[in-house]
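Scroll down for the structure; my scribbles are underneath it.
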Amino acid sequence: MNKTLIGAALAAAIVAAPAAAQTTYRVADSFPTGHYIAENTIKPFMAEVEKRSNGQAKFEYFPAQQLGKARDLMALALSGVSDISYVAPAFVSDKLPLSVVAELPEGFDASCPGTRAYWKLVKEGGLLDEIEIKPAGMKVLFALVLDPYQIFVTKGQELAGLDSFSGKKIRTTGGAKELALRKIGAVPVQIPTPEVREAASRGTIDGFLFPVSSIMPYDLAPHTGMATSGENFGSFVATFMMSRKKWDSLPADLRKIMDEVGEEIVEAGCKNAEETTRIDRAKIEAAGVKFVTLPEAEHDKIVGLMSEVGQEWAADLDKRGKKGSEVLKAFQDALAAK
């Protein structure tokens, strides 16, 4: 048989052969290189799963919106463009409206209490998994709830009590956080995160609603005079998900490994988030920003007003035929259970 015929025969054999099982999984997120969320969650997840599977699972990582914008990453997982995607429920609230419950200004003061309570709802068999996430065709591998957002005000502004917020133009991202600001008499202003520094420097806003860990990366400390401490004006939920179709196609032993590692990442991720907040707060204070603990009576007033945010959020979802009140109560119960 000549070389041409041999080549043709080999090509035909290759085409006819069944495809090898996939061992490399595409992972997509929108975080810039070095972002603490990716460094403390998805990166160790990939490394540990590969290690425990003895290389059965390998990963190809696409950060910084390389595969698509943050709001599109869930759709990319459902379509198979990515195998694992960063999904922020706030970015897909039309598809996962109930799953933003941990972003409400509820009774937690740090990342871990919020994360642990939320994880009970979104993990396999949890309330949110059953009524929203699984029906949407998704599986949560792990989740992270950030430390509660604080209000930072520009230099020259004072923070002494509830009246300090009245009429202040405070930057926010909208949604429940906008409602929270209105509850305390502030004027919500929606500005893209990269533009906050310029707005603060020009005086077009009086402050901004931010997590402590985002102040240094966006160089906002030089434009900040004071900040609240120990309040909860809302938070942010980050998850990494796989489509249920892809999940069901994985070997049983690999699913078990991913579940075990996911549980560990939930705990390690929130602890690292809290540590990042602690370190960054010290840097912010060193830059001259004063963190203010409001008087107990004023704090209690704010807690009361913030509780109304959750009630209104739940009532609105109830009217739309969603189980807002049930999910809110489940989250509150999980927080109370510690």
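The values are calculated or read from the model by the stated rules, or taken from the named source; none is laboratory data. Predicted model only: the values in this text are computed from it and were never measured. When we count neighbours, we look across all protein chains shown, and the Cβ atoms used for this are built from the backbone with ideal geometry, even at glycine.
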Between Ser235, Ser201, which is surrounded by fewer than 19 Cβ atoms within 10 Å (Cβ to Cβ) and either under 23 Å from Ala160 (Cα atoms) or not assigned by TED's automatic domain parsing to the domain that holds Leu162 (or both)?
Ser201
Being among the acidic types (Asp, Glu) and buried (at least 19 other Cβ atoms within 10 Å of the Cβ) is the filter here, so list the residues in segment 73-111 that pass it.
Asp83, Glu103, Glu106
Is segment 233-252 home to any residue that is touching a helix residue (DSSP H, G or I) at 6+ places or on another chain (Cβ under 9 Å), hydrophobic (A, V, I, L, M, F, W, C) and without any contact (Cβ under 8 Å) to a residue 40 or more places away in the chain?
yes
Give segment 161-178 a look and list any residue that's buried (at least 16 other Cβ atoms within 10 Å of the Cβ), under 23 Å from Ala102 (Cβ atoms) and either basic (Lys, Arg) or in contact with a strand residue (DSSP E or B) (Cβ under 8 Å, 6 or more places away or on another chain) (or both), or say none.
Ile170, Arg171, Thr172, Thr173, Lys177, Glu178
When segment 56-81 is examined, which residues are found to be small (Gly, Ala, Ser) and either in the same structural domain as Thr173 (by TED's automatic domain parsing) or touching an Asp or Glu at 6+ places or on another chain (Cβ under 9 Å) (or both)?
Ala57, Ala64, Ala70, Ala77
Conditions (1) under 27 Å from Cys112 (Cβ atoms); (2) in a strand (DSSP E or B); (3) of a type outside the set (A, V, I, L, M, F, W, C); (4) in contact with a helix residue (DSSP H, G or I) (Cβ under 6 Å, 6 or more places away or on another chain) -> Pro188 fails only (1)
Residues in segment 287-305: is at least one closer than 30 Å to Thr41 by Cα, without any contact (Cβ under 8 Å) to a residue 12 or more places away in the chain and either not assigned by TED's automatic domain parsing to the domain that holds Phe45 or not in a helix (DSSP H, G or I) (or both)?
no
Here are some conditions: (1) at pLDDT 95 or above; (2) of a type outside the set (Val, Ile, Thr); (3) within 16 Å of the chain's Cα centre (by Cα); (4) surrounded by fewer than 24 Cβ atoms within 10 Å (Cβ to Cβ). Leu121 meets all but one. Which one does it not meet?
(4)
Quick test for you: out of Lys95, Lys43, Lys69, Lys3, pick the one residue that is more than 28 Å from Val327 (Cα to Cα) and at pLDDT 95 or above.
Lys43
Of the numbered conditions (1) buried (at least 16 other Cβ atoms within 10 Å of the Cβ); (2) more than 20 Å from the chain's Cα centre (by Cα), Glu312 fails exactly one; give the number of that condition.
(1)
By residue number, the members of segment 116-127 that are of a type outside the set (Gly, Ala, Ser) and touching a Lys or Arg at 6+ places or on another chain (Cβ under 9 Å) are Arg116, Glu124, Leu127
Among (1) assigned by TED's automatic domain parsing to the domain that holds Gly310; (2) among the charged types (D, E, K, R); (3) in contact with an Asp or Glu (Cβ under 8 Å, 6 or more places away or on another chain), there is one condition Asp219 misses while meeting the rest; what is its number?
(3)
Residue tally, condition under 30 Å from Glu130 (Cβ atoms) and surrounded by 14 or more Cβ atoms within 10 Å (Cβ to Cβ), over segment 277-309:
3
Going by the structure shown, is Leu181 in contact with a strand residue (DSSP E or B) (Cβ under 7 Å, 6 or more places away or on another chain) and either part of a strand (DSSP E or B) or modelled with pLDDT under 95 (or both)?
no
